[in-house]
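This report refers to the structure that appears directly beneath it.
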Amino acid sequence: MEQDFWETVLLTGKLAGWTTVILFMIGFPVAYLLAYKQLFFKHLVEALISMPLVLPPTVLGFYMLIAYSPQNAFGRFLEQYFDLRLAFSFEGVLIASVIFSLPFMIQPLQNGLKSIPCSFREASYTLGKSEFVTFFRVLVPNMVPSIITAIAMTFAHCIGEFGVVIMVGGNMPGETRVASIAIYDEVQSLDYATANQYSFVLFIISLLILTLIYSINGKKTII
Amino acid sequence: MKRLIISLVLLLTVVNIQAQQVNVAAAANLRYVLEEIKIAYTKQHPKAKVNLTFGSSGTLVQQVLNGASFDFFMAADNEFPVKLKDKGITIGPVTTYAYGKLAIYSTTLDVEHKGLDALLDPSVKKIAIANPETAPYGERSVELLTKKGIYDELKPKIVIGDNISQAAQYAFTGNAEIGFIALSLALGPDMEGKGSCYIIPREFYPPVEQACILIKTTVLNTEAVKFRKYILSADTRPIWEKYGYDVPSKK
């Protein structure tokens, strides 16, 4: 039991960790474009990114299950060329998780970038610095709280992920049986002690992360 | 204002008494057969209102224990109803209403002719089974594989569905090549004819004896008593048999 418990907790952390890393890489460029550039379908893109906030996770779970199936084009393609089956695998849940946490990463970053006065950038450009250098030397240091919020929110949200995982996960220990699923499972089999163990760990971790975010945002004194 | 509230309360009580409804907690393998029985029942009793909720037997027991307002519990085995009886929240006996059959289903492999050997086919990457902790059909499936000595070999391929319907859905969508399901689901309108199905011979597993029990409510739900009687009557026998169940012979 103990071993199962830690395996599940570690898996949950692994899923949340990878999701956060991947989303950070994708999220920063997207947030940058959305904050500063005039894009053609900007509002549509923003709306799409925010969809997970309003859409039930089961909608995504349903579409993923259909897409992942080897009976359909996408699933067949993956199976033939990469020997990959996404349903019931860590990778499959990871993709779902990345899509589902998009707004939690991108929105804080976008707001952070927008909140920096444009005189900062303009000053940097007039001093002959490139967009790239400006980004790393001027913008990033001025939005540390936003970055921490984005990372922490994404991580915390992933830990709480349930709907998609229960639909495409298949409850496989060490692969897709994350803590939220384990809690559901233990409650169903009337093992309240184990359910409580998982719930307590999740409760503490989430509380710590949110406290961290609020304490950082409280101290926010840019400029 | 006061008068209005009083009359509203009275009205609601009257409505409540008039349309006494039966909330049935039913094991997921009963999905199609119970819908059909419900239609037949409401034809005979046009005023009756029967609500069906499906889930794994374990899930439903947990919900009942936590106060879900069910009147009647139809499990996928004869042990889960006893669990409720032991807690003293039921009325009357645990009664067997049908014997279910276990089957394997596939949309890609010809399991009908290959039988259980299909499980060892190299093209099989995932095998869907209902959660053995909460679903009796899942438990039977695991027992069967263990008895055949192939459980450990197949274990990495096994994916767990929350209940037998989800296991069936995994097999039906092709995300798992083979699913261990209840025969009744394979005979349902959604899956029949769209894949291949093999009924596991009786000698390989103990029969899935499915039993039901009435749940104690503050006021005795006479509608639930009536519905239970109907379920156990000879009227429903052809429907049960249509979905591959055997009916206890005594009635």
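Using the reciprocal of the averaged 1/r over all distinct C-alpha pairs, how large is the Kirkwood radius of segment A:124-215 in Å? Can you show the working numbers first?
On the way: mean 1/r = 0.0623 Å⁻¹.
Value: 16.1 Å, from the Cα pair sum.
So if I place +1 on the C-beta of Lys and Arg and -1 on the C-beta of Asp and Glu, and nothing else carries charge, what would the dipole magnitude of chain B be about its Cα centre? I want it in debye, nearest 20.
My answer is approximately 1160 debye.
Tell me the Rg and the Dmax, in Å, that the Cα atoms of chain B produce.
For chain B, the Cα radius of gyration and maximum Cα-Cα distance read 20.1, 74 Å.
If the only charges are +1 at each Lys and Arg Cβ and -1 at each Asp and Glu Cβ, what is the size of the charge dipole of segment A:2-218 around the Cα centre, to the nearest 20 debye?
Values: 10 positive and 14 negative charges, 216 e Å.
The calculation lands at about 1040 debye.
Counting only other residues whose beta carbon sits under 14 Å from that of residue B:85, what net charge do I get with K and R as +1, D and E as -1?
Values: positive: B:83, B:87, B:216; negative: B:77, B:79, B:86.
Within the 14 Å Cβ shell, the charges total 0.
Could you give me the radius of gyration and the Dmax of segment B:102-204, taking only the C-alpha atoms into account and expressing both in angstrom?
11.8, 34
Can you give the calculated 222 nm mean residue ellipticity of the protein assembly as shown, where each DSSP H run of n ≥ 4 adds -39,500 (n - 2.57) and the sum is split over every residue, rounded to the nearest 500 deg cm²/dmol? Write down the numbers at each step before the final one.
Details: 22 runs with 265 residues, N = 474.
Value at 222 nm, helices only: -17500 deg cm²/dmol.
Which pairs in the list B:38/B:229; B:114/B:194; B:216/B:242; B:85/B:229; B:194/B:242 are over 24 Å apart, alpha-carbon to alpha-carbon?
Working: B:38/B:229 13 Å; B:114/B:194 17 Å; B:216/B:242 31 Å; B:85/B:229 19 Å; B:194/B:242 18 Å.
Violating the 24 Å Cα-Cα cut-off are B:216/B:242.
Which of B:45, B:113 has the fewest other C-beta atoms within 10 Å, and how do the rest follow up to the most?
Numbers: B:45 13, B:113 10.
In order of increasing Cβ crowding within 10 Å: B:113, B:45.
Of the residues A:175, A:46, A:131, which exhibits the maximal mean-square fluctuation in a Gaussian network model of chain A defined by a 10 Å Cα contact cut-off?
Highest fluctuation of the listed residues: A:131.
Could you tell me how far the Cα centroid of segment B:148-181 sits from the Cα centroid of segment B:196-223, in Å?
That distance is 21 Å.
Report the calculated FRET efficiency for residue A:140 and residue A:14 (r = Cβ-Cβ distance, R0 = 35 Å), to the nearest 0.05. Before the final figure, lay out each step's value.
Details: r = 27 Å, r/R0 = 0.76.
Efficiency for this residue pair is about 0.85.
Okay, which of segment A:140-166 sit inside 11 Å, backbone N to the point 7 Å along the Cα-Cβ direction of residue A:55?
No residue qualifies, since no backbone N sits under 11 Å from the label point.
Taking R0 as 41 Å, what FRET efficiency do you get between residue B:225 and residue B:147 from their Cβ-Cβ distance, rounded to the nearest 0.05?
Working: r = 40 Å, r/R0 = 0.97.
Result of the calculation: an efficiency of 0.55.
Once you list every other residue whose beta carbon is under 14 Å from the beta carbon of residue A:121, what net charge do they have if Lys and Arg are +1 and Asp and Glu are -1? Walk me through the intermediate numbers first.
Numbers: positive: A:37, A:114, A:129, A:137; negative: A:122, A:131.
Surrounding charge for residue A:121 is +2.
How are the Cα pair distances of the protein assembly as shown distributed, in percent, across 10 Å bins from 0?
All Cα pairs considered, the percentages come to 4, 17, 23, 21, 17, 11, 6, 2, 0, 0.
Two decimals is fine: what is log10 I(q)/I(0) at q = 0.23, 0.28, 0.34 Å⁻¹ for segment B:106-150, from a Debye sum with one equal scatterer on every Cα and no solvent?
Scattering profile of segment B:106-150, log10 relative to I(0): -0.91, -1.10, -1.16.
Counting other beta carbons within 10 Å of each Cβ, put B:237, B:228, A:121 in order, fewest first.
Details: B:237 14, B:228 22, A:121 18.
Sorted ascending by nearby Cβ count, the order is B:237, A:121, B:228.
Taking only the C-alpha atoms, wrap a convex hull around chain A and report its volume per residue in Å³ as a whole number. Mind showing how you got there, number by number?
Details: hull volume 33.4 nm³, N = 223.
Normalising the Cα hull of chain A by residue number yields 150 Å³.
Select from A:159, A:147, A:183 the residue whose mean-square fluctuation is largest in a Gaussian network model of chain A (Cα-Cα springs shorter than 10 Å).
Comparing A:159, A:147, A:183 in the GNM, the peak value goes to A:183.
Throughout, read-outs are computed from the coordinates displayed, never taken from laboratory work. This one's a predicted model, so the numbers in the text were calculated from it and none came from an experiment. Note that we place each Cβ from the backbone using ideal geometry, even for glycine, and neighbour counts take in every protein chain shown.
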